[in-house]
Each structure stands twice: as C-alpha cells, then as structure tokens.
Amino acid sequence: MNAGTQRRFEGRVTVVTGAAGALGRACAASLANEGAKLVLFDRDPNGLAETAAICPGSETVVGDVRYAADVKRAAEAARERFGPVESLVAAAGIAGPSKKAIEVEEDEFDLLFDVNVKGSWLAAKYLIPQMRELGRGSVVLFSSAAGLRGSPVLSVYSATKGAVTLLTKSLALNHATENIRVNCVCPGTIESPMVRLSIADAGDATAQSAREDLQKSMHPMQRFGLPSEVVGAVLYLLSDEASFTTGVALPIDGGRLA
Ligand SMILES: NC(=O)c1ccc[n+]([C@@H]2O[C@H](COP(=O)([O-])OP(=O)(O)OC[C@H]3O[C@@H](n4cnc5c(N)ncnc54)[C@H](O)[C@@H]3O)[C@@H](O)[C@H]2O)c1
C-alpha cells in the first residue's frame, strides 16, 4: 500500500508531547493524515497552534512535561474530548549544554533530567492506565543515538537519553502481557531547531562550522537526517505492523552506531 494512502491510525486517540517541535510536529502531521485523533501537548503555545493548524480536529494542551498536574490535565483532556488514549508519542525534550559532564551546573543537570527523563516517565505514568482500560496500546519514547553510547559533547544529555532507553525497556517488560507495547527511537543528528541551537552553542562562525562538519562526519552517510526519516520509524513502531515488537531502541542514524 502506498504510504500516502494508509490510514493505520483511523480513530486512534493519540497524545503527542513536544508537538510544537520539529519531530513532534512531523509525527503529529503524519498521524493526522492517517486518521488519528490527536491531543497535542507542548509548553510553547504558538508552536502548538501552528501544529494544530496542520492537524485538523486536534486538541491542544499547553503544559510542561516536568509537572504531573500538567501531564494529568492532558490525559484528562484527551479522555474528555475523544475517549481513552491508545497511543503516545513522547517527543518533548531539550538538548543539553555542550560541556564535559563535570562542567555541567547542578541546575542544568536537574533541568535535563526533569524534562527528558521525568517528562517521559510522567507521560507513560498518566497515559498507560488509559491504554490498560482499552486493553491495548502503543508508546514511542524519544531516546537518541546518544542514548546508546556516550557523548563527549552532550555528556549529560547522553545520560538522560540512556535513562530513556532503559525506561523504555522496563516499561515494555511491565506491560508486555497487557497488549501494550513500548519502544523508543534513537535518532542521530536530525535537521531541526534543537540541532541548530546546539551548533550555535559552539561559539563563533568558525567553531560552529567545525561542529557541524564534525557532527556530519559522525554519520557514515555524511549528512544529517530529516524529520520525515524519523517519522516513518515512529509510525511503524506505533502501528499494528509492529505488533510483536516491544522494548526496542531503534537507531535512525545514517549508520552511526553500525
Ligand atoms: N533533532 C535531533 O537531532 C534529535 C536527535 C536525537 C534525539 N532527539 C530527540 O527528539 C525529541 C524531539 O526533538 P526535536 O528535534 O523535535 O526538538 P525541538 O526542540 O524542535 O522540539 C522539542 C519540543 O519539546 C518541547 N519541550 C521542551 N521542554 C518541554 C517541557 N518541559 N514541557 C513541554 N514541552 C517541552 C519544546 O517546546 C519543543 O516544542 C527530543 O526528545 C530530542 O531529544 C532529537
């Protein structure tokens, strides 16, 4: 079947966190195209409105994934508007300071772990119970290639994504007999504002260009990925086509971890 004509998610209530961002928005747009009933969650109201504009019939919730009350509000909004949630894409995340781990400040460390790890955990904590009620569900968390091996540049970010990788596997084991699958994607460097910010963090134009070249050279395909290249994997893992796949951390990295 042609990917453009598939409707794998017809009527499926799906929450997307980080829906104002590059990857969350790209996932939301494709899910909407395939018939999902979407609740879009992000702390950025303007970006969220832009995503909603390309996802007809979607509900938006402005909130912060670090706070249980906000995530609960999104879970309740989804149930009230559409019924129990069947799918979750947890794409909210932040990149860290480009520092060696021991140079990272305590507040920077706490923020990274709160958003990337606690935020993913809270989304699972408040949405998986609705999947349990339905008797089926599928979750895709966002780890990173840096969540499968260390990073000399984004050291603590890498540690947060390592935690997301193992949170994925633990959740998969927790819910394996409940018809609820949990997987994560591990993108290499994907063209996005997050990546541009991290390159800008390198310093002057020469340092930025050196960092971009270095990052590209870390991928055997010698380029950054595109959001659409991550979306295909996310939607596959979320869909029934992956019905015997759980606990997987899937690299989408141009061969970086090969
Ligand atoms: N872009 C890449 O190269 C890349 C590579 C590997 C992994 N990832 C991961 O993919 C995910 C999406 O990244 P992206 O490139 O789309 O980044 P992005 O910055 O474009 O999007 C991230 C989104 O998360 C939202 N967000 C951040 N903190 C939040 C909070 N506390 N509460 C609610 N929303 C919050 C932001 O507002 C933004 O809309 C992230 O988890 C990121 O770590 C990205």
Cα-based helix-to-principal-axis angle, 155-175 vs the chain, degrees rounded to 10
20 degrees
Just read off the accessible area of Met221 with the full protein assembly in place, 1.4 Å probe, to the nearest 10 Å².
120 Å²
Note to self: with every protein chain in place and a 1.4 Å probe, the chain gives an accessible area per residue in Å² of 45 Å²
Between helix 205-217 and the chain: long-axis angle, C-alpha atoms, 0 to 90°, nearest 10:
60 degrees
Taking the Cα-to-Cβ direction at Glu106 and at Leu257 and moving 7 Å from each Cα, how far apart do the two end points lie in nm?
3.3 nm
Label-point gap, in nm, between Asn179 and Arg132 - each point 7 angstrom along Cα→Cβ
1.6 nm
Longest exposed-loop-site-free stretch of the chain, with GluC sites (Glu not before Pro), DSSP loop and at most 13 other Cβ within 10 Å?
106-258
Qualifying trypsin sites (Lys or Arg not before Pro) for segment 72-156 [loop in DSSP, other Cβ within 10 Å: at most 14]:
Lys100, Arg149
Report, in degrees rounded to the nearest 10, the 0 to 90 angle that the Cα long axis of helix 68-82 makes with the longest principal axis of the chain.
40 degrees
14 Å beta-carbon shell around Gly24, net charge (K/R +1, D/E -1):
-1
Step through the table entries Lys99/Lys216; Lys72/Lys99; Lys161/Lys216; Lys118/Lys169, compare each Cα-Cα distance with 26 Å, and write down the pairs that go over it.
Lys72/Lys99
Assigning unit charges at the beta carbon (Lys, Arg +1; Asp, Glu -1) and nothing else, what dipole magnitude in debye, to the nearest 20, does the chain show about its Cα centre?
640 debye
On alpha-carbon atoms, Rg over Rh for segment 1-92 using Kirkwood Rh?
0.96
Rounded to the nearest 10 Å², the 1.4 Å probe accessible area of Tyr126 is 50 Å²
Percent accessible area from carbon and sulfur atoms, the chain, protein chains only, probe 1.4 Å:
54 percent
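The values are calculated or read from the model by the stated rules, or taken from the named source; none is laboratory data. Predicted, not measured: the structure shown is a model, and the values here were computed from it. We place every Cβ from the backbone using ideal geometry, glycine too, and count neighbours over all the protein chains shown. Just so you know, the surface numbers come from the protein's heavy atoms only, side chains and all, with ligands and any DNA or RNA stripped out. Shrake-Rupley method; radii C 1.70, N 1.55, O 1.52, S 1.80 Å.
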